[in-house]
Amino acid sequence: MGVLLQQDTEYGVEALSDVLTSSREFLRPLRWEGPDGGINRSEMKKFRETVGFSSHILRVVKDMLDDAPVFLECSCGKSYLAFVLNRVLRELYGLDCTFYGVDVSGALVEKCRKIAMSLDYDNMSFTKGRTLEFDVPEGKKIDIVLALHACDTATDEAIARGIRSGARYIMVVPCCQNQLRGQIRSTQPLKDLTDFGPLRYRFADLLTESLRAQVLKGAGYYVEIHEVVPPTVTPKNLVITARRLRSGKKRGMGSYGRLCRQLGVRSILEDFLPELFHGEDG
């Protein structure tokens, strides 16, 4: 796949950044173009987040890209992520990929459609609605499920959609996590750690990601967690990367259940994936 997929810097983003910034025709519809032809300073943070995640995705899935994979970006917003990936895979390497985006905002979906049209990306389509309600067109199967900073439980919807689809890869960079904060009570074993507001919030964030990872493991995925950009770019810089195991064997929710019982919490993934938890103690 060439130089763009090599980890040629600490975070593997320099070559990808150079390629993207070399095309004003690509930057302009995304509103990333600055007055000097580079990246608009007000959009630099979003650009670096998107490029960092894109570089990670390309390195992880590079062995399957020649198989014309189908991507689903959940809670896509302006879908910067899918546009960047499409720019690299379709325009630069001529690979036959399909991109779907879904978001609850009709205005953002329409904006994405216009950008795709202006870039002549006829392999992209966008749908208004919730991730869990998205229907794959007949004859298509989702291979790679993505979500970049999908707020709160929208990240959980992406994970659930990926598991239900049997996606080969599920990769999410979570945003805010509010669902567990109110569940952390003074009676749980780590109450001395969570007595203070900021620490309780940070602990809830870590716990949320741990529970998500345990659910993915229990559903038959190999899971890793990495940083995709330096924390100076954004503190929301963790990516959960899940690869479906060849055996497809589900391990069950024992680890998830133990963690929930220890701390007296419950993930909304139980509501999104009741079939996985039926009969489980957790």
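See the values below:
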quantity	calculated
Filter pass, K236 being over 16 Å from the mean Cα position of the chain (by Cα), under 29 Å from F83 (Cα atoms) and in contact (Cβ under 8 Å) with a residue 60 or more places away in the chain	no
Residue ranges of helices (runs of 4 or more DSSP H) in the range 15-118 with at least 3 members surrounded by fewer than 16 Cβ atoms within 10 Å (Cβ to Cβ) and at pLDDT 85 or above	44-61, 106-118
Of all residues in the range 121-140 being part of a loop (DSSP other than H, G, I, E, B) and of a type in the set (D, E, K, R), the one that is farthest from I159 (Cα to Cα)	D122
Residue that is surrounded by the most Cβ atoms within 10 Å (Cβ to Cβ) [pool: residues in the range 226-282 that are hydroxyl-bearing (S, T, Y) and outside any loop (DSSP other than H, G, I, E, B)]	Y256
The one condition in (1) buried (at least 16 other Cβ atoms within 10 Å of the Cβ); (2) assigned to a strand (DSSP E or B) that Y222 fails to fulfil	(1)
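The values are calculated or read from the model by the stated rules, or taken from the named source; none is laboratory data. Everything quoted here is computed from the prediction, not taken from an experiment. Using ideal geometry, Cβ is built from the backbone for each residue, glycine included, and neighbour counts are taken over all protein chains shown.
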